[in-house]
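Participant: Sharing a structure below in structure tokens format, with a few things to ask.
The values are calculated or read from the model by the stated rules, or taken from the named source; none is laboratory data. Keep in mind that this is a model prediction, so the values were computed, not measured. For neighbour counting, all protein chains shown are included, and Cβ atoms are generated from backbone atoms with ideal geometry for every residue, glycine included.
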Amino acid sequence: MNHNIDTIFFDVGATLRYVVEDPEFAMAADMELMRLVGATEPHDVFFAKLTENWKAYRKWAKTALLDVSEMELWLQYLLPDYPSERIAPHAAKLTRLWRDHDGRRVPHDDVKPTLLELQRRGYKLGIIANTITETEIPDWMCHDEVAGCFKTVILSSKVRLRKPDPAIYLLGARCIGSAPEDCAYVGDNPVRDVEGAVDAGFGAMVLYEDAGTADREGKAPTVLPDYTIKAIRELLDLFPPRDTLA
């Protein structure tokens with residue numbers, strides 16, 4: 001590892017937070033989403049169509065390495081046949097409800113103490129994440145009182161760039177004021193997280209092993225991470241206090 005690393009960027013989904021299945025919570029979100037858009041189809045019919053449109057968007061986004069704004073997402077991809085005047089005012093809310101369709105997202109138990117300790121040790125922390133919502137991650141940061149840990153938050157829905165495009169990693173480095181070689185990235189995806197960080201010239205890539213991620217990506221990794229961990233707290237074994245590295 002480059003011992004000059006002074007900056008650590010994180011992925012969020014499956015790395016800092018994970019999904020807990022909650023059928024009652026998910027159904028409440030589904031019903032509210034259908035109410036807001038004025039859906040008249042049965043629940044299963046409506047969500048089968050929405051899921052099909054979502055998969056088509058994901059395929060495009062992964063190919064183009066781009067993400068769109070929430071309003072574009074709903075008007076052009078997810079519900080293009082619905083009246084724009086009905087959809088546009090609720091785009092941000094619809095995105096959150098669509099995310100809740102999967103369940104509740106909660107942080108791993110060791111996330112907050114690890115972030116606070118890394119900050120205490122003198123590291124600059126940031127987020128670089130692929131996401132379709134502009135508010136979910138900032139809201140979580142505030143709710144869990146970790147917003148002060150992060151100096152830079154780069155979301156694909158805001159900047160349009162999408163991992164593994166190295167440009168989104170380089171944007172994060174520029175925004176936080178660090179050279180790429182002095183940055184580390186922590187993510188769970190053995191394909192896009194690793195490839196993007198390596199192509200951007202980051203000084204270290206740490207893979208948080210999450211069972212099933214490689215299968216979901218649908219292709220084998222072409223490069224390997226520098227380190228693998230099975231819990232976020234293991235980062236404290238990799239990144240000692242900065243004053244001990246002088």
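Participant: Scanning the stretch 94-125 for residues that are of a type in the set (D, E, K, R) and either in contact with a Pro (Cβ under 8 Å, 6 or more places away or on another chain) or over 17 Å from residue 143 (Cβ atoms) (or both), which turns out surrounded by the fewest Cβ atoms within 10 Å (Cβ to Cβ)?
Facilitator: Restricting attention to the stretch 94-125, the residues satisfying the condition of being of a type in the set (D, E, K, R) are 96, 99-100, 102, 104-105, 109-110, 112, 117, 120-121, 124.
Among the residues that remain, those that are also either in contact with a Pro (Cβ under 8 Å, 6 or more places away or on another chain) or over 17 Å from residue 143 (Cβ atoms) (or both) are: 102, 110, 117, 120-121, 124.
Numbers: 102: 14, 110: 16, 117: 16, 120: 11, 121: 15, 124: 21.
Filtering first and then ranking leaves 120.
Participant: So the check is Cβ under 8 Å with 6+ separation or different chains; which pairs have a first residue in the stretch 88-113 that's closer than 25 Å to residue 125 by Cβ and in contact (Cβ under 8 Å) with a residue 24 or more places away in the chain and a second one that's surrounded by 15 or more Cβ atoms within 10 Å (Cβ to Cβ) and among the small types (Gly, Ala, Ser)?
Facilitator: Filtered contacts from the stretch 88-113: 105/13.
Participant: A further question on this structure: For the stretch 155-178, does any single residue satisfy the condition of being in contact with a helix residue (DSSP H, G or I) (Cβ under 6 Å, 6 or more places away or on another chain), among the aromatic types (Phe, Trp, Tyr) and in a helix (DSSP H, G or I)?
Facilitator: Yes, the stretch 155-178 has at least one match.
Participant: I need every pair where a residue in the stretch 9-21 that is among the small types (Gly, Ala, Ser) has its Cβ under 8 Å from the Cβ of a residue that is buried (at least 19 other Cβ atoms within 10 Å of the Cβ) and in a strand (DSSP E or B), sequence separation at least 6 or different chains.
Facilitator: Between residues of the stretch 9-21 that are among the small types (Gly, Ala, Ser) and residues that are buried (at least 19 other Cβ atoms within 10 Å of the Cβ) and in a strand (DSSP E or B), the close pairs are 13/129; 14/208.
Participant: Can you report the number of residues in the stretch 36-47 which are surrounded by 12 or more Cβ atoms within 10 Å (Cβ to Cβ) and either part of a helix (DSSP H, G or I) or in contact with a Gly (Cβ under 8 Å, 6 or more places away or on another chain) (or both)?
Facilitator: 5
Participant: Right, here's the next one. Restricting the first residue to the stretch 181-192 and requiring it to be of a type in the set (S, T, N, Q), which pairs with a second residue that is at pLDDT below 95 and in a helix (DSSP H, G or I) meet a Cβ separation below 6 Å and a spacing of at least six or different chains?
Facilitator: 189/213
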